[in-house]
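*Asks:* Here's a structure for you.
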Amino acid sequence: MVPLSQYLILSAILFVIGTLGVFVRRNLITILLSIEIMLNAVNLTFVAAGRAFGAVDGQIIVFFVMTVAAAEAAVGLAIVIALFRHRESLDPDAFTSLKW
Amino acid sequence: MLFSMNAIVPLACVTAAALAAMVAEAFRTPGERMPIAPLGLIGLVAAGIATVLLWGHGYVSFNVVAGDDFGLFVTGVLVVIGLLTIAFSPATIEREQLPAGEYYALTLFAIAGMILMAQATDLLVIFLALEVLSLSVYVLTGIRRDSRAASEASFKYFLLGAFSSAFFLYGIALTYALTGSTHLDRVGQLIAGHTFGSGAMETFAVGLLAVGFAFKVSAVPFHMWAPDAYEGAPPVVTGFMATGVKAAAFAAFVRVFMSAFGPLSAIWVPVLWGLAVATMILGTVVGVMQTNVKRLLAYSSIAHAGYLLVGMVSANAVGRAAVLFYLLAYGVTNVGAFGVLALLESKDRPNDELRDLAGLWNVRPGLAALMTVFLLSLGGFPPLAGFIGKWFIFTAAIQSGYYGLAIIGVLTSVVSVFFYLRIVVMMYMTEPEPGRAPLSAPIVPRLAGAALGLATIVVFYLGILPTQLIDLATQSVARIF
């Protein structure tokens with residue numbers, strides 16, 4: 001059986017990939033996808049930990065997280081569409097009307 | 001523990017009002033006017049009454065929603081913030097032609113999320129509450145869809161918010177992987193008993209949760225979204241999210257870190273100390289350079305998050321009570337200030353540049369006077385609410401021996417007075433620039449006027465007779481920590 005630590009390392013790697021994606025990619029949709037990767041890395045942690053404890057709560061929590069992720073994607077894409085109507089661009093560097 | 005639904009009554013009242021607003025909007029024929037704002041006010045008043053009735057009973061519902069005095073105190077603060085926000089809203093909705101039903105439904109859902117966040121005693125429920133309130137506020141920020149700035153603000157807020165939620169959730173997952181539970185009491189017991197191994201993982205868990213909370217309370221260096229989101233949103237919404245989101249996030253922050261992760265304070269106290277110092281200094285220094293009133297108030301609210309963090313770092317009973325009192329004082333004052341800005345907005349221009357306020361005293365002396373009261377309270381002048389709040393926070397810091405924090409706090413407060421007074425000087429002593437159309441006298445609806453009056457009374461009451469509220473705050477933290 002694969003030990004818990006390896007699952008945790010895998011999910012940490014996935015989480016870092018997602019985080020880097022948010023910083024590095026220059027397309028709003030890809031950035032949203034990177035956030036999804038981060039959330040799924042977290043899901044993997046929950047599932048693996050739940051299995052290691054022999055408890056179902058880890059698995060059940062994942063359903064909640066998936067629901068939240070879906071709601072977040074819906075709102076996020078709606079906002080992206082609203083933004084696209086003003087700017088016709090998906091490059092975050094194009095959005096400069098607010099600056100410190 | 002006795003099974004009881006009592007603890008969720010305030011939450012249920014607000015949710016019911018939100019659902020009613022949504023249904024009302026669905027049945028509205030185009031062009032028909034519906035009294036949706038009063039619906040929200042009724043729901044909030046009912047929640048307020050329920051909060052008062054539940055006080056002191058300590059009910060727990062479903063083992064995850066606690067009606068303890070700490071949660072109820074914050075619920076009370078949130079109800080007041082919600083009432084003021086809804087009272088200021090009709091003018092903005094009318095002027096910007098916003099969809100009223102959606103606006104009120106989202107506001108009320110956000111308040112429901114905030115109340116749940118203040119009362120939740122399980123990390124998973126705190127996360128769900130955080131998402132309910134965040135998703136509503138993201139949409140509210142961008143509710144002026146025809147405005148480019150609003151869409152951008154909304155997206156920046158959403159992106160960084162979702163990003164920080166992922167960190168927060170990862171913190172919860174690591175906590176679960178360590179302890180096998182997400183319930184704060186259980187996590188606290190296991191951490192105190194040290195029934196598990198590796199020290200690196202608990203540090204990661206605490207760190208990730210701290211990052212998540214720091215984003216939500218806009219602590220430096222996780223504050224980048226705040227000025228943009230605050231500037232792009234309509235002023236009423238800005239006032240709401242600068243106070244409500246902060247109050248709910250701080251309530252959960254205090255609860256999680258003091259109760260569950262209290263035994264690990266050696267890890268998180270230095271981190272929060274650094275956050276508090278950076279937040280107070282950056283919020284104040286950058287605030288001095290702003291020329292837009294909304295941005296200026298955004299940096300001021302960042303600085304205020306720093307003062308609240310000082311109360312948390314002190315980690316004594318006085319500090320926790322001070323955080324509660326400060327949330328109330330700051331909340332009422334700031335909603336009032338943004339309420340005045342919302343009334344000054346006109347259809348052709350936002351009137352949120354500093355020079356737009358020149359000569360306000362001649363056009364609307366009443367609004368200028370009220371704005372002055374709110375600004376002085378934010379700056380911490382006696383005898384106003386902000387003064388007592390700051391005094392209370394710095395007392396806590398000194399009692400715990402954090403003299404450095406107290407000194408930095410007092411110094412930054414003194415500097416911040418400069419930018420608050422700059423607005424006051426602008427309103428009273430500066431003539432409007434030639435060639436720039438003077439401020440038109442705004443019409444103040446009766447409801448908004450009443451809300452401004454109420455906010456002013458509370459600001460003076462908390463400043464002159466704070467004992468009663470201080471006692472309540474002290475009692476409410478004494479029972480749970």
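The values are calculated or read from the model by the stated rules, or taken from the named source; none is laboratory data. Just so you know, these numbers come straight off a predicted model, no measurement behind them. Here the Cβ is made from the backbone with ideal geometry for all residues, glycine too, and neighbour counts use every protein chain on show. The accessibility values were calculated without ligands, DNA or RNA, using every heavy atom of the protein model including side chains. Shrake-Rupley method; radii C 1.70, N 1.55, O 1.52, S 1.80 Å.
*Asks:* Might you check whether a residue that is farther than 19 Å from residue B:43 by Cα and either part of a helix (DSSP H, G or I) or under 18 Å from the mean Cα position of the chain (by Cα) (or both) occurs anywhere in the range B:101-123? Full working, then the answer.
*Replies:* So the first thing to find is which residues in the range B:101-123 are farther than 19 Å from residue B:43 by Cα, and the list is B:120-123.
Now narrow it down to the ones that are either part of a helix (DSSP H, G or I) or under 18 Å from the mean Cα position of the chain (by Cα) (or both): B:120, B:123.
Taking every residue of the range B:101-123 in turn, at least one turns out to be farther than 19 Å from residue B:43 by Cα and either part of a helix (DSSP H, G or I) or under 18 Å from the mean Cα position of the chain (by Cα) (or both).
Residue-wise test of (1) open to solvent by less than 10 Å² (accessible area, probe 1.4 Å); (2) out of contact with any Cys (no Cβ under 6 Å at 6 or more places or on another chain); (3) charged (D, E, K, R).
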| site | (1), (2), (3) |
| --- | --- |
| B:273 | no, yes, no |
| B:280 | yes, yes, no |
| B:293 | yes, yes, no |
| B:302 | yes, yes, no |
| B:329 | yes, yes, no |
| B:364 | no, yes, yes |
| B:371 | yes, yes, no |
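*Asks:* Being over 25 Å from residue A:83 (Cβ atoms) and at the interface with chain B (Cβ under 7 Å from one of its Cβ atoms) is the filter; apply it to the range A:1-40 and report the residue that is surrounded by the most Cβ atoms within 10 Å (Cβ to Cβ).
*Replies:* Across the range A:1-40, the extreme among qualifying residues is A:15.
*Asks:* Within the range B:382-395, can you find the residues that are within 13 Å of residue B:333 (Cα to Cα) and without any contact (Cβ under 8 Å) to a residue 24 or more places away in the chain?
*Replies:* If the condition is that a residue be within 13 Å of residue B:333 (Cα to Cα) and without any contact (Cβ under 8 Å) to a residue 24 or more places away in the chain, then no residue fits.
*Asks:* Quick one: residue B:205 ticks every box in (1) buried (at least 19 other Cβ atoms within 10 Å of the Cβ); (2) over 26 Å from residue A:12 (Cβ atoms); (3) without any contact (Cβ under 8 Å) to a residue 40 or more places away in the chain bar one, so which box is it?
*Replies:* Condition (2) is where residue B:205 drops out.
*Asks:* Is it the case, given these coordinates, that residue B:167 is within 11 Å of chain A (Cβ to nearest Cβ) and under 20 Å from residue B:130 (Cα atoms)?
*Replies:* So residue B:167 fits the description; yes.
*Asks:* What pairs come up if the first residue lies in the range B:44-63 and is within 24 Å of residue B:478 (Cβ to Cβ), the second is open to solvent by 40 Å² or more (accessible area, probe 1.4 Å) and modelled with pLDDT of 90 or more, and their beta carbons are under 6 Å apart, counting only those six or more places apart or on different chains?
*Replies:* The qualifying pairs are B:50/B:9.
*Asks:* For the range B:162-176, how many residues are open to solvent by 10 Å² or more (accessible area, probe 1.4 Å) and either touching a Leu at 6+ places or on another chain (Cβ under 9 Å) or not in a helix (DSSP H, G or I) (or both)? Give the steps one after another, and end with the answer.
*Replies:* Taking the range B:162-176 and keeping what is open to solvent by 10 Å² or more (accessible area, probe 1.4 Å), we get B:163, B:167, B:170, B:174.
Then keep just the ones that are either touching a Leu at 6+ places or on another chain (Cβ under 9 Å) or not in a helix (DSSP H, G or I) (or both); that gives B:167, B:170, B:174.
Residues meeting the conditions: 3.
*Asks:* Quick one: is residue B:159 more than 9 Å from chain A (Cβ to nearest Cβ), assigned to a helix (DSSP H, G or I) and within 21 Å of the chain's Cα centre (by Cα)? Walk me through it before giving the result.
*Replies:* Numbers: more than 9 Å from chain A (Cβ to nearest Cβ): no; assigned to a helix (DSSP H, G or I): yes; within 21 Å of the chain's Cα centre (by Cα): yes.
Spelling it out, it is not the case that residue B:159 is more than 9 Å from chain A (Cβ to nearest Cβ), assigned to a helix (DSSP H, G or I) and within 21 Å of the chain's Cα centre (by Cα).
*Asks:* Oh, and also: Run residue B:74 past the list (1) modelled with pLDDT of 95 or more; (2) within 22 Å of residue B:183 (Cα to Cα); (3) surrounded by fewer than 20 Cβ atoms within 10 Å (Cβ to Cβ) and report the number of the one that doesn't hold.
*Replies:* Residue B:74 satisfies every listed condition except (3).
*Asks:* When you look at residue A:76, is it more than 7 Å from chain B (Cβ to nearest Cβ) and assigned to a helix (DSSP H, G or I), yes or no?
*Replies:* Numbers: more than 7 Å from chain B (Cβ to nearest Cβ): no; assigned to a helix (DSSP H, G or I): yes.
No.
*Asks:* Still on this structure: Among the residues of the range B:209-241 satisfying the criterion of being among the hydrophobic types (A, V, I, L, M, F, W, C) and not in a helix (DSSP H, G or I), which is most open to solvent (accessible area, probe 1.4 Å)? Full working, then the answer.
*Replies:* Keep residues of the range B:209-241 that are among the hydrophobic types (A, V, I, L, M, F, W, C), which gives B:209-211, B:213-215, B:217, B:219-220, B:222, B:224-226, B:229, B:233, B:236-237, B:240-241.
Then keep just the ones that are not in a helix (DSSP H, G or I); that gives B:217, B:219-220, B:222, B:224, B:233.
Details: B:217: 0, B:219: 1, B:220: 12, B:222: 47, B:224: 96, B:233: 0 Å².
Result: B:224.
*Asks:* Suppose we keep only residues that are under 22 Å from residue A:64 (Cα atoms) and assigned to a helix (DSSP H, G or I) within the range B:177-202. Which one would you say is most open to solvent (accessible area, probe 1.4 Å)?
*Replies:* Start the filter on the range B:177-202 by keeping residues that are under 22 Å from residue A:64 (Cα atoms), which leaves B:177-187.
Cutting the leftovers down to assigned to a helix (DSSP H, G or I) gives us B:177-179, B:184-187.
Details: B:177: 9, B:178: 29, B:179: 18, B:184: 5, B:185: 95, B:186: 115, B:187: 0 Å².
Checked the range B:177-202; the qualifying residue most open to solvent (accessible area, probe 1.4 Å) is B:186.
*Asks:* Here is a further query. Read through the list (1) facing chain B (nearest Cβ under 7 Å); (2) surrounded by fewer than 16 Cβ atoms within 10 Å (Cβ to Cβ); (3) among the acidic types (Asp, Glu), then give the number of the only condition that residue A:93 fails.
*Replies:* Among (1) facing chain B (nearest Cβ under 7 Å); (2) surrounded by fewer than 16 Cβ atoms within 10 Å (Cβ to Cβ); (3) among the acidic types (Asp, Glu), residue A:93 violates only (1).
*Asks:* Quick one: residue A:77 ticks every box in (1) surrounded by fewer than 16 Cβ atoms within 10 Å (Cβ to Cβ); (2) closer than 29 Å to residue A:9 by Cα except a single one, so which number is it?
*Replies:* (2)
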